[in-house]
Amino acid sequence: MPGPRPVRRVVAAIALAAAAPAALPAGSAGAAAPGGSGVSPGKNGPPVQRVLMLSLPGTTWAALSRAVTPKLDALLAEAAVGSTSVRGIERETRPGDGYATIGAGTAAAGIRGVEGLADNVNGSIVSRAVPELDRDAKRRHRGAEIGALGEALQQAGVARGVIGNPETALALMDHSGVVPSGEVGAGLDPERTVEAFQRAWNVPGRAVVLVEASTDELVGRILGEVDLDRDAVLVTAPSDPGDGIHLTVAALRAPGERPGLLDSATTRRTGYVTLPDLGPTVLDLLDLPRPDSMEGRPYEIHPRTWAGPPVSRFVEADREARFRDRMLGPVAGTYVVIEILLSLLVAYVLVRHPGRTGLRRVFDFVGLWLLAVVPLTFLGAVLDLDSVGPYLALVVGGGAVLAAAAGMLRGPMQPLAALLALLLALHVGDVVTGGHLQFSTVFSYSPTVGGRFAGFGNLTFGQLAAAAVLLAGIVAYLVPGRRGVRLAVGILVVALLADGLPFWGADVGGVLAAVPAFALVALGLSGRSVSRRQLAALAAGGVACVGALGFLDLLRPAASRTHLGRLFEQMGSDGLQPFTDAVQRKIATNLSVIPTSIWIPLVPAVLAFYAWLAYGSSFRLGEIRRRAPQMRPAFVGLLVAATLGLALNDSGIAIPAMMLGVLNPVLVRLALHTDELGAGRLTPNAPGEPPRSEPEGRAVDEAGAELRVGEARLS
């Protein structure tokens, strides 16, 4: 039998929302790279004999666009290019941090006071920073091995040299801190730089030499010594420029390779690489094995169809990322404040002025607006909004329009269903079409932070999981019987697949949190009890799902594997150490984030509002559960997912805060419309029972019978 007209409207809204992300334009430099579509450098031409690492600390694409650099421009025009996320350990990367990270192939930190302790000794360079750097790397549990690149080159018999400031030694020194040739010192003049480069470069056999170049003329003189038919040139800017956090320049010119765009298995996003990828790229060019300690992956080259390097695109990408970083605090802070004020004011009105219809309508609209603005924050980057005015117009004005449109749907649940479906469909549709909306957006991730470049971030998981469980409960409420339960379970399955599959969301912590939480919701909606043994089985099921996803990731080409597949790779060679390092690192990061997070006040505020609805004078939560029992397992599942998300991810309190931020407007609307729940629809019935009419249901209630649908009895 076809559902009621409001249900059909909700279904139509879901379909429309699912189609919307696919119609959005894809950014050229920010498009997620298809798995395995790139070409490893050095594989199309003759073997590379020597590699020049041309270092331009602090150089951004914007700076290059303003400078007159004909020699460097000519090189970049024939190279594969991209933007480098230089984020290592600290928020702002200094040259010492950058060179230590290049040498380790994994995020590492330089240490002020010792990173520049390098001396010229009989034509060699000796760094005295190794003991301190080793101790610091072990303390951070990232598995970084200081000097891994230099050690791998030394064991392969490849000559090494560095010319520049003393910190450059950290990039190519071996485990003992030695670089066999070169010259370091503050402010080396061009003549000494060229002479030192010639000595290090013109040696028999293979060689890798890093040179800090301060002028375009010096770049030209250095390139004059390079045979581009046999040698490769890597351009890197291993540190932030000093005026804040930026994306910096990356380029690769290798024999036999055509101009293109760079990415790596680390980013899986065309046009972006990370600093830890540089060391593995050097080894890949020389056809040498990568040490297991290196988390970075070699550059991949994708063809480009326009002439010359896409400088304007990289400048715009940097601007968008920096705009996102600037807007995160104000937008998140305002969102948190409005959420808290809304719950406080609604509680006050329900106690002191329950008959004030005007106030109730205002707060109801604000709640719907809060649900509507979350998906709109993801449209700023794809619409190229990088100024405050247009961005606020989109979020504030667009949210008002969506809230008003949703409010026109009849019934207490239908507006919530439409907005939750929009949020869920936006994320699912986006991630299966390349994840364009996840990049450089306020409630997702940024390339300047460098933690994630593809798939779902932690805040997105919070939105996805909250929307899925709440929408599942609402759909089960709107569509009686087993059909509603099946639709609800389908929503949960779609959300789980979108979040967990390695070629889509690739969210390990999200799967661990979602599997038991979603299973609790599904069991509750089907009216089944859950024992402690079953709870343990659900937790084990989450672990098993992660294991299955990891093995699925291992079956993919190495260049396409996510961080989960790379973790399994490391565990295959080093046992459980990479896993325990990852756990300790996440715990340390979580603890460091919690005290300073802007999201902290939202969690106790929403939980207090939830508790007041449950145990306050009105007992509205009990009435909501009685009239719409399908919402009880949804509430339980959301709280379980929020708790596990806090424990299993490194974003700390932000995950439960985001989930509670989605829950709060739902609680507000249900609290304001409690009396309307159940009206004009079939009284909820247990799966398999024939639907009861409204009068019959009322009679059963008066007799004191318990409504059983959706009651997840935890024994």
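The values are calculated or read from the model by the stated rules, or taken from the named source; none is laboratory data. None of the values given here were measured: they were computed from a predicted structure. Methodologically, a virtual Cβ is constructed for each residue, glycine included, from the backbone with ideal geometry; neighbour enumeration extends over all protein chains shown.
In the stretch 526-583, the qualifying residues are those that are among the basic types (K, R) and more than 19 Å from R268 (Cβ to Cβ), and the one that is modelled with the highest pLDDT is R528. Of all residues in the stretch 590-603, at least one satisfies being crowded, with 20+ Cβ neighbours inside 10 Å, part of a helix (DSSP H, G or I), at pLDDT 85 or above and of a type outside the set (S, T, Y).
Screening A418, A372, A393, A404 for residues that are of a type in the set (G, A, S) and in contact (Cβ under 8 Å) with a residue 60 or more places away in the chain leaves exactly one candidate, A418. For the stretch 369-405, a residue qualifies if it is small (G, A, S) and within 20 Å of Y335 (Cα to Cα), and the qualifying residues are A372, G380, A381, S387, G389, A393, G397, G398, G399, A400, A403, A404. Just one residue in the set E339, E300, E295 is modelled with pLDDT of 90 or more and over 30 Å from V158 (Cβ atoms); that residue is E339.
Within the stretch 483-507, the set of residues being surrounded by fewer than 23 Cβ atoms within 10 Å (Cβ to Cβ), closer than 20 Å to L554 by Cβ and aliphatic (A, V, I, L, M) comprises L497, L501. For the stretch 611-639, the set of residues classified as more than 16 Å from G484 (Cβ to Cβ), assigned to a loop (DSSP other than H, G, I, E, B) and either in contact (Cβ under 8 Å) with a residue 12 or more places away in the chain or outside the structural domain of Y477 (by TED's automatic domain parsing) (or both) consists of G616, S617, S618, listed by residue number.
In the stretch 85-99, what residues are closer than 12 Å to G244 by Cα and in contact with a Lys or Arg (Cβ under 9 Å, 6 or more places away or on another chain)? Selection gives T93, R94. Could you tell me whether the stretch 425-440 includes any residue that is crowded, with 17+ Cβ neighbours inside 10 Å, over 20 Å from the mean Cα position of the chain (by Cα) and at pLDDT 95 or above? No, that holds for no residue.
Conditions (1) surrounded by fewer than 22 Cβ atoms within 10 Å (Cβ to Cβ); (2) over 22 Å from G429 (Cβ atoms), marked per residue:
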position	(1), (2)
E320	no, no
A332	no, yes
Y335	no, yes
R352	yes, yes
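For the stretch 206-223, the set of residues classified as modelled with pLDDT of 95 or more and within 23 Å of G123 (Cβ to Cβ) consists of R206, A207, V208, V209, L210, V211, E212, L218, R221, I222, listed by residue number. Which ones in the stretch 142-173 are without any contact (Cβ under 8 Å) to a residue 60 or more places away in the chain and surrounded by 22 or more Cβ atoms within 10 Å (Cβ to Cβ)? Of everything in the stretch 142-173, those that are without any contact (Cβ under 8 Å) to a residue 60 or more places away in the chain and surrounded by 22 or more Cβ atoms within 10 Å (Cβ to Cβ) turn out to be I146, G147, G150, R160, G161, V162, I163, P166.
Looking only at residues in the stretch 116-141 that are in contact with a strand residue (DSSP E or B) (Cβ under 8 Å, 6 or more places away or on another chain), of a type in the set (A, V, I, L, M) and not in a loop (DSSP other than H, G, I, E, B), the one that is surrounded by the fewest Cβ atoms within 10 Å (Cβ to Cβ) is V126.
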